[in-house]
Amino acid sequence: MAVYNLPHAAASFVNRVSEIADVTSHLNENVCRLLTLVGQGGIGKTRLAMRVATDCDDQFDDGVYFVPLHPISLPEFIVSAIANAVNFQFRPREDPKQQLFQYLREKALLLILDNFEHLVDGAELLSEILEAAPDVKLLVTSREALNLQEEWRYQVRGLHYPKMNETEQLGAYSAVQLFVERARQVHGNLSLADEQVAFPISVKSTTP
């Protein structure tokens, strides 16, 4: 059974069906071993990465591991962050990076490297990992691309929301779903249909 250390999500995951399918499809391709989810801060890159990893963890015999990089200030600490995530203990008086490479060489696993944007200067380490460990894949979240030859990129955009003149089937929009979910945390009996009746959306006509 695969091992993983994905953090528990505090809230449910709002519909991103097409994005989940796209990212999963890329990870399933043998030639895609480094996939970067690129997008603005707070757009949902981390949640998307964790959801995809949960859905495909059975493809990685040695597990899926979440590597939080936000606390790290310098690229030279990436090696130790990965080692901590996979529970690997370094031996004294030996090069830590080479030890990590040797450990990963025999593994078939997925590493989720979260919040890489401030460590882009150390991105070359990821190329070295891919070369040393042929059955390891990397799923990265970052506000900017890593600009590595091996990198595949997926742009994560905001949730879908209706335009001002689109009042039908509001519940089908992911942004509205998120709003309703959060509103129900305060008002448990909130109904989108009832709210539309009580506060109908008025769209001003542009016809003369």
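The values are calculated or read from the model by the stated rules, or taken from the named source; none is laboratory data. Because the structure is a prediction, the values reported are computed rather than measured. Every residue, glycine among them, receives a Cβ derived from its backbone with ideal geometry; neighbour counts consider all protein chains shown. These area figures cover heavy atoms from the full protein model, side chains too; ligands, DNA and RNA do not enter into them. Shrake-Rupley method; radii C 1.70, N 1.55, O 1.52, S 1.80 Å.
In table form, for the structure just shown:
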quantity: For segment 102-117, 3J(HN,Hα) per residue [Karplus equation, 6.51 cos²θ - 1.76 cosθ + 1.60, θ = phi - 60°, Hz, x = Gly/Pro]; calculated: 5, 5, 6, 4, 9, 9, 10, 8, 10, 9, 9, 9, 9, 6, 8, 4
quantity: Additional length obtainable on full extension of the chain from Gln155 to Asn30, 0.36 nm per residue less Cα span; calculated: 43.0 nm
quantity: Rounded, prolate or oblate (a/c below 1.5 giving rounded, otherwise prolate when a/b exceeds b/c) for segment 30-150 by Cα gyration tensor; calculated: oblate
quantity: Heavy-atom accessible surface of segment 1-156: percent carbon and sulfur, 1.4 Å; calculated: 47 percent
quantity: Residues with amide H under 5 Å from that of Ile112, placed H, sequence gap 5 or more; calculated: Tyr65, Phe66, Val67, Leu139
quantity: Rounded FRET efficiency, nearest 0.05, which uses the C-beta distance separating Gln99 from Gln40 and R0 of 35 Å; calculated: 0.45
quantity: Cβ-derived FRET efficiency at R0 25 Å, Phe90 paired with Glu131, nearest 0.05; calculated: 0.75
quantity: Amide H within-cut-off set for Val136, under 5 Å, with H built and near neighbours excluded; calculated: Leu109
quantity: Extension gain (nm, one decimal) between Ile20 and Asn5, 0.36 nm per residue minus Cα-Cα; calculated: 3.4 nm
quantity: Distant-in-sequence amide H partners of Val156 (H built 1.01 Å from N, under 5 Å); calculated: Val38, Gly39
quantity: Accessible area of segment 18-76 divided out per residue, in Å², using a probe of 1.4 angstrom; calculated: 46 Å²
quantity: Rough spin-label spacing in nm, given labels placed 7 Å along Cα→Cβ, for Ala81 and His118; calculated: 0.9 nm
